[in-house]
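Visitor: Questions regarding the structure given below will be posed in turn.
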Amino acid sequence: MSRKMRSIQEQKFDQALGERIAKARREKRISASALARKVGVTRQQFYKYETGIIPFRISIACAIAEALGIPLDDLLSGSRITGYSPCNFSSDC
């Protein structure tokens, strides 16, 4: 079975979500390794999520939001993450 190529918009979404996760993680002073353990993935896989290399599964996004103690809506939209301006994915970020 072949993998479907991600669209540019999907790639931008994953990258922006990864940036928001990294920002929220740093605000809460949680290491990437500690968050990866809480979520149940390896540090290497977590790095790939945080940098947008691999696409997010909703279950992973939910687990990360819960581990960070923030609502999933806020993580997805970027609202209430200090210093982060939400992105409109219908235009360039």
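The values are calculated or read from the model by the stated rules, or taken from the named source; none is laboratory data. Everything quoted here is computed from the prediction, not taken from an experiment. In this analysis, Cβ positions are derived from the backbone assuming ideal geometry, glycine residues included, and neighbour counts consider all displayed protein chains.
Visitor: Say we look at region 1-29 and pick out the residues that are farther than 20 Å from ASP73 by Cα and not in a helix (DSSP H, G or I); which of these is farthest from the chain's Cα centre (by Cα)?
Guide: This residue is MET1.
Visitor: I need every pair where a residue in region 50-65 that is at positive phi and in contact (Cβ under 8 Å) with a residue 12 or more places away in the chain has its Cβ under 6 Å from the Cβ of a residue that is buried (at least 17 other Cβ atoms within 10 Å of the Cβ) and acidic (Asp, Glu), sequence separation at least 6 or different chains.
Guide: What qualifies is GLY52/ASP14.
Visitor: Within region 56-68, does at least one residue satisfy the condition of being modelled with pLDDT under 65, surrounded by 14 or more Cβ atoms within 10 Å (Cβ to Cβ), aromatic (Phe, Trp, Tyr) and part of a loop (DSSP other than H, G, I, E, B)?
Guide: The answer is no; no qualifying residue exists.
Visitor: Still on this model: With (1) surrounded by fewer than 15 Cβ atoms within 10 Å (Cβ to Cβ); (2) farther than 12 Å from ILE64 by Cα; (3) among the basic types (Lys, Arg) as the list, and ARG37 as the residue in question, which single condition is left unmet?
Guide: Single failed check for ARG37: (2).
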